[in-house]
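The values are calculated or read from the model by the stated rules, or taken from the named source; none is laboratory data. Since this is a predicted model, take the numbers as computed values, not measurements. So basically every Cβ, Gly included, is an ideal-geometry build from the backbone, and we count neighbours across all protein chains shown. Surface areas here come from the heavy atoms of the whole protein model, side chains and all, with no ligands, DNA or RNA. Shrake-Rupley method; radii C 1.70, N 1.55, O 1.52, S 1.80 Å.
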Protein chains: 2
Amino acid sequence: MKPRLSDIARNLSVSAATVSLALSGKGRVSNEMVARIKAEANRLGYSPNPMGKALRTGRSQVIGLVLPDVANPLFPRMARSIVMAAEEHDFGVLIADSHDSPAKQNEAMKRLVDLGSDGIVVIPRKGTEVGPQPIPVAVIDALGSAQNVVSADHAGGGAIAIGHLQEAGHRRILCVGETRSSLVQRTRIGGMVGAAAPDAQLLQLWLEDAPDVVGLIRDGATAIATTSDMIALQLLTELGKAGLNLPEDYSLVGFDNLDFAGIISPALTTIGTSEAEIAERAILGLTRLINSGAPVESQVVPMHLVRRETVKQLARRKN
Amino acid sequence: MKPRLSDIARNLSVSAATVSLALSGKGRVSNEMVARIKAEANRLGYSPNPMGKALRTGRSQVIGLVLPDVANPLFPRMARSIVMAAEEHDFGVLIADSHDSPAKQNEAMKRLVDLGSDGIVVIPRKGTEVGPQPIPVAVIDALGSAQNVVSADHAGGGAIAIGHLQEAGHRRILCVGETRSSLVQRTRIGGMVGAAAPDAQLLQLWLEDAPDVVGLIRDGATAIATTSDMIALQLLTELGKAGLNLPEDYSLVGFDNLDFAGIISPALTTIGTSEAEIAERAILGLTRLINSGAPVESQVVPMHLVRRETVKQLARRKN
DNA sequence: CACAGCAGATTAATCGTTTTACCTATGAGG
DNA sequence: CCTCATAGGTAAAACGATTAATCTGCTGTG
């Protein structure tokens, strides 16, 4: 059905070896021959059979991607960035789901290996460790791990959020995360408190404790920094029901720059990641690992402020 | 490095053929031999080299998945469902991005083919047609197309939304979509107006026309049905700024049951899809296509109401 | 006793490509 | 005129599995 290498060879009365060499530009083939071969390949619409090639070379040009629970709303953009970066390097991306279960995470990786991946990119589920694998692995956002290749600067992002709020004059700030069990969230909160000005009061709150945010705002807190836009949205609607409005009654900053952040009104100020850069570095690291086996050093990519409408500049009281 | 079929054969002093036959349970191999071979395979941690197998059988056990612009917020759950369904049928999923461009959609498909997929599932970008491909294709949600294998019942979903609103006593309802260029959105709206009660007034609105929703609600419309939770969220925050609150001042129903729908307060009533069922049917259709080549008939899967807090029962005026 | 039939295993071809080692003119240099 | 390097090309061996065809003893039967 589909044309093979040998079809080109037969049509041109040359050997398959010559065709292969000509198309890959590796051996010594006359310019004229190369031209004729390429022309014929084109005419037939030839593209090499990936299995034949993979079997011979030991490389499938496919990498696996393991994503954490779908609950993570960063999923789509991260996946997309990984796919695009992989494409740049001529790799396809096999995707696997860790099914919200740490155990399944390893199963997923095994499946990817068994399907023939050349390497794996994993964004681990919170609280899991990625075991040693028979093929190269690049881990994203595994803040502690040795296999980590690149992470977002979550602490730095937290610092940016608080810095922005403090510049706008806020001093009593609520830092709210969802659950302590997420290292990423803890790190973000850590960055926040680390950036506190000497005269500022930051209060750490976890949604799992069902804190009384409305009461705290009424008691004089003027701003909220969250570890996720999702939390910000939840808070925003709850405070709204209580009659507290944005940005006049309090200021709010989210995290992750999710899709809806720019759509709601007022638009949510938040902290964004360069998924593209993270993906690019992860893929770069992984391809190096695949090609040379040399370990790559872990990198941190900065986050940035997405300035929108939910942070209000406070009037200076004294100067 | 990794054990091959022949390693097992050598260790047990049998031929490779016997090992293959034993492991696949196909040929005539004595029970005792099968047991010994399986034991040895286990001991070595053998798993077959996918390229060798694929080259011989002509099947890679991998299907491709082409997703539309990332703007579609259904993306993550749909992808996940497809991956899970594929897994059930022992297929891996190669993912490709259509880069928000209709032209790239075909490029993406070509890449998947060149990478060795056995078939392709595509959720086409709005307004694009999927050309003929060298391998089987199952199209999801291509309302018109012949290649369509399964779609959600968007019109039915619209009808459910309006039905629910009408049951709660609403008669003046705003139906708001984002853009007329989306066939899915037009179909949803179509379903809505088709379900209108004789005494009801439904008004079609498109965000691209920047309609004055606040004014219309003040003028007496009591409910809004949208074609997407995203639109619902946008409206909800805008109306909130204008002092119109949910559910006392108006009722609202979204579409798609996005992540945030259950988190905001009050929680958003919306129309949900069974992504799992759609995915299951798509994969089933595709595997049939791959194995037998027999065309499968297109199916429609129903949507359902997710009843939450944004629809208010209106007091009966007359009885 | 000869032979058909069968269980249990093996041989060898095959899938499509890459790549090493080898072959054969041709022209240059001595 | 002989040798030799070299350019241009080819043959053949992998890679790791599957599977059709074949072989080898047996057993049971007429």
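Would you mention how many residues in the stretch B:269-288 are closer than 11 Å to B:VAL300 by Cα and open to solvent by 40 Å² or more (accessible area, probe 1.4 Å)? Here the count works out to 2. Here is the figure for the stretch A:6-19: residues that are more than 10 Å from DNA strand D (Cβ to nearest atom) and either within 14 Å of another protein chain (Cβ to nearest Cβ) or closer than 11 Å to A:TYR46 by Cβ (or both) total 4. Tallying residues that are within 8 Å of DNA strand D (Cβ to nearest atom) and farther than 24 Å from A:LEU112 by Cα within the stretch B:20-52 yields 3.
Scanning the stretch A:219-246 for residues that are within 11 Å of chain B (Cβ to nearest Cβ), open to solvent by less than 40 Å² (accessible area, probe 1.4 Å) and over 19 Å from A:ARG77 (Cβ atoms) yields A:LEU235, A:LEU236, A:THR237, A:LEU239, A:GLY240, A:ALA242, A:LEU246. Do we have any residue at all in the stretch A:87-104 that's modelled with pLDDT of 90 or more, out of contact with any Gly (no Cβ under 8 Å at 6 or more places or on another chain), within 26 Å of B:ARG59 (Cβ to Cβ) and part of a helix (DSSP H, G or I)? Yes, because at least one residue in the stretch A:87-104 is modelled with pLDDT of 90 or more, out of contact with any Gly (no Cβ under 8 Å at 6 or more places or on another chain), within 26 Å of B:ARG59 (Cβ to Cβ) and part of a helix (DSSP H, G or I). Filter the stretch B:169-215 for residues that are touching a residue at least 60 places away in the same chain (Cβ under 8 Å) and over 24 Å from the mean Cα position of the chain (by Cα) and give the result. Hits for the stretch B:169-215 are B:GLY169, B:HIS170. Among the conditions (1) more than 30 Å from A:VAL130 (Cβ to Cβ); (2) within 14 Å of chain B (Cβ to nearest Cβ), the only one that A:THR57 does not satisfy is (1).
Taking the stretch A:106-119 as the search range and keeping residues that are within 13 Å of chain B (Cβ to nearest Cβ) and in contact (Cβ under 8 Å) with a residue 60 or more places away in the chain, which one is farthest from B:GLY52 (Cα to Cα)? Looking at residues that are within 13 Å of chain B (Cβ to nearest Cβ) and in contact (Cβ under 8 Å) with a residue 60 or more places away in the chain, I get A:ASP118.
Taken over the stretch A:42-65, the residue count meeting the criterion of being at negative phi, out of contact with any Pro (no Cβ under 8 Å at 6 or more places or on another chain), more than 7 Å from DNA strand C (Cβ to nearest atom) and not hydroxyl-bearing (Ser, Thr, Tyr) is 9.
Has the stretch B:70-86 got any residue that is aliphatic (A, V, I, L, M), in contact (Cβ under 8 Å) with a residue 24 or more places away in the chain and within 16 Å of DNA strand C (Cβ to nearest atom)? Taking every residue of the stretch B:70-86 in turn, none turns out to be aliphatic (A, V, I, L, M), in contact (Cβ under 8 Å) with a residue 24 or more places away in the chain and within 16 Å of DNA strand C (Cβ to nearest atom). Out of B:VAL121, B:VAL139, B:VAL193, report the one residue that is assigned by TED's automatic domain parsing to the domain that holds B:VAL83 and at pLDDT 95 or above. Residue meeting the stated conditions: B:VAL121.
Rundown of residues vs (1) closer than 20 Å to B:LEU65 by Cα; (2) more than 14 Å from chain B (Cβ to nearest Cβ), yes/no style:
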position	(1), (2)
A:VAL121	yes, no
A:GLU129	no, yes
A:PRO132	no, no
A:GLY144	no, yes
A:GLY156	no, yes
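For the stretch A:86-97, check the following and say yes or no: at least one residue is more than 8 Å from chain B (Cβ to nearest Cβ), within 24 Å of the chain's Cα centre (by Cα) and surrounded by 18 or more Cβ atoms within 10 Å (Cβ to Cβ). Checking the stretch A:86-97: at least one residue is more than 8 Å from chain B (Cβ to nearest Cβ), within 24 Å of the chain's Cα centre (by Cα) and surrounded by 18 or more Cβ atoms within 10 Å (Cβ to Cβ).
Taking the criterion of being over 15 Å from the mean Cα position of the chain (by Cα), among the small types (Gly, Ala, Ser) and open to solvent by 50 Å² or more (accessible area, probe 1.4 Å), would at least one residue in the stretch B:108-115 satisfy it? There is no residue in the stretch B:108-115 that is over 15 Å from the mean Cα position of the chain (by Cα), among the small types (Gly, Ala, Ser) and open to solvent by 50 Å² or more (accessible area, probe 1.4 Å). The number of residues in the stretch B:60-85 being of a type in the set (D, E, K, R) and more than 8 Å from chain A (Cβ to nearest Cβ) comes to 1.
Of the numbered criteria (1) charged (D, E, K, R); (2) away from chain A (no Cβ under 14 Å); (3) closer than 25 Å to B:ILE217 by Cβ; (4) out of contact with any Ser or Thr (no Cβ under 6 Å at 6 or more places or on another chain), the one B:ARG188 fails is (4). Within 11 Å of another protein chain (Cβ to nearest Cβ) and at pLDDT 95 or above - does that describe any residue in the stretch A:28-43? Among the residues of the stretch A:28-43, not one is within 11 Å of another protein chain (Cβ to nearest Cβ) and at pLDDT 95 or above, which makes the answer no.
To keep it simple, each residue is scored yes or no on (1) without any contact (Cβ under 8 Å) to a residue 60 or more places away in the chain; (2) in a strand (DSSP E or B); (3) farther than 20 Å from A:MET192 by Cβ.
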residue	(1), (2), (3)
A:GLY272	yes, yes, no
A:GLY285	no, no, yes
A:LEU289	no, no, yes
A:VAL300	no, yes, no
